[in-house]
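Scroll down for the structure; my scribbles are underneath it.
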Amino acid sequence: MAAATKDDGARVVDLRSDTLTQPSAPMKEAMVAAPLGDDVFGEDPTVMALQEKVARLLAKEAALFVPTGTMGNLICVLNHCRIRGSEVLLGNLSHIHVWEQGGISQLGGVHPRTLKNLPDGTFSLEELRQLVRGDNPHWPVTSLVCVENTHNMVGGRVLPLSWMDELGATCRELGLPLHMDGARLLNAATALGVPAARLVRDCDSVSVCLSKGLGAPVGSVVAGTKDFIRGALRLRKALGGGMRQAGLLAAAGIYALDHGLPKLAQDHAHVRTIAQAVSDLGSKVIKVDLEGVQTNILLLECDLKYVGPEQVCKRLSEVTEEERAATGKEVIVRILPMTASSVRLVVHCNISPEDIPIVVEKLIYVIREFERE
Ligand SMILES: Cc1ncc(COP(=O)(O)O)c(C=O)c1O
């Protein structure tokens, strides 16, 4: 089923998130046909096949299927931070810090210390060095560094490879392990045109989501050394993430990697088309930073003198009488506010090429309307 549906007769294009994808008929067929076993006994061949596939893709020794990206990150952080009083250095806009309920503290007693995320999703390596704790009984023990690629809150930006290499060298020098929240790592690899393994070469652990733009209904995979994954397996069990005949879901993940991964470039092209159209308008009300448009996420910046994020989202979700008369169409575009001044659009595999001009037309109509007000 496509994300463009009818809502009271209107055509709805839902760009709130790339988690909204519906499994395709062939994906469901692959799920039904998958050989299954009890994965808690280590006997599900489809789960094992997925884990081996992701380990190979990321050039890591081993991998583990987990229910969500949140659990994947939590497992990895807890696995690295086994000593009480551990501290993690991570971006102030990172998903782990902002959107995962402080699970690393709540459930693992791990103390977060934030580095200021720069507009490209990186942070200053100088600041990183400065925040590493010395040996002092008053302080927590710096135990891990986390990064996010692509970076969600800065608009799906890809961490520059040269920066990743410098970060890897810095962490090695400081003796700190490095975890990558790679929920959209394969979008980053697609955008850079480099193998995903290259992007995580210096990472001791990685968490990759199958249920975002790749289109699987559920699941993430964490990867690392065999030893790390042994620890991750124990933590997954403790967190209630042992999933028995999970091959049903792993089969969707395998299908997503085989069929969704090659299509990510199309999602990126769709986002660029939308971004370019908004940029070409040259509106004072809503702006786009074209340089920041790199993958399947688009941030539109509202000038708060004229309009705010909530107002933009609300207006795009309505069709007015005047609009119906002027355009002869009824189109609803669903998007979400992201920050105090921006809204976020996310394109995914259920958005078709035909949806894009429809989205563009609606956006342009609404932006012009705000300009007139
Ligand atoms: C960057 C990032 N990391 C982790 C997650 C968590 O994934 P999940 O929703 O599967 O827990 C998300 C979800 O949107 C995300 O955007």
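Every number here is computed from the coordinates shown, using simple stated rules; none is lab data. Bear in mind the structure is a predicted one, so any value in this text is a computation, not a measurement. All Cβ positions, even for glycine, are placed from backbone atoms using ideal geometry, and neighbour counts span all protein chains on display.
The table that follows gives values for the structure above.
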item: Euclidean distance between Cα centres, region 105-139 to region 46-67, Å; result: 29
item: 12 Å beta-carbon shell around GLY182, net charge (K/R +1, D/E -1); result: +1
item: Computed FRET value (nearest 0.05) for LYS314 with SER352, which takes r as the C-beta separation and R₀ as 25 Å; result: 0.50
item: Highest-fluctuation residue, GLY168, GLY328, GLY215 considered, GNM on the chain with Cα pairs under 10 Å; result: GLY328
item: Stokes-Einstein D in µm²/s, Kirkwood radius over Cα pairs - region 78-235 at 4 °C with 1.567 mPa s viscosity; result: 81
item: Net charge of Cβ neighbours under 14 Å - reference LYS305; Lys, Arg +1; Asp, Glu -1; result: -2
item: Quotient of Cα Rg and 2.2 N^0.38 Å for region 297-373, N being how many residues it contains; result: 1.09
item: Order of ARG368, ARG315 under a 10 Å beta carbon neighbour criterion, fewest first; result: ARG368, ARG315
item: ALA59-ASP258 pseudo-label distance in nm [points 7 Å out on the Cα-to-Cβ vector]; result: 2.5
item: Region 25-261: relative contact order in percent, alpha carbon pairs under 8 Å with at least 6 residues between; result: 31
item: Structure-based [θ]222 nm, the chain - -39500 (n - 2.57) summed over DSSP H runs of at least 4, per residue, nearest 500; result: -11500 deg cm²/dmol
item: Footprinting exposure proxy for ILE351, ILE83 (fewest neighbouring C-beta atoms within 10 Å first); result: ILE83, ILE351
item: Two-site FRET efficiency, ALA10 against THR339, from Cβ-Cβ distance with R₀ of 30 Å, rounded to 0.05; result: 0.60
item: Directionally averaged projected area (convex hull, Cα atoms, region 31-122), nm²; result: 8.2
item: Segment VAL194-ASP280, length gained on full extension (0.36 nm per residue, minus Cα span); result: 27.9 nm
item: Average projection area in nm² (convex hull over Cα atoms of the chain, one quarter of hull surface); result: 19.3
item: Potential extension, VAL98-ILE364 segment - 0.36 nm per residue separation minus Cα distance; result: 92.6 nm
item: Neighbour cut-off at most 12 other Cβ (10 Å), DSSP loop, trypsin sites (Lys or Arg not before Pro), region 83-157; result: ARG84, LYS116
item: Charge context of GLU100, other residues only, Cβ under 13 angstrom, K/R +1, D/E -1; result: -2
item: Sorted by Cβ density within 10 Å, fewest first, the residues TYR255, TYR365, TYR306; result: TYR306, TYR365, TYR255
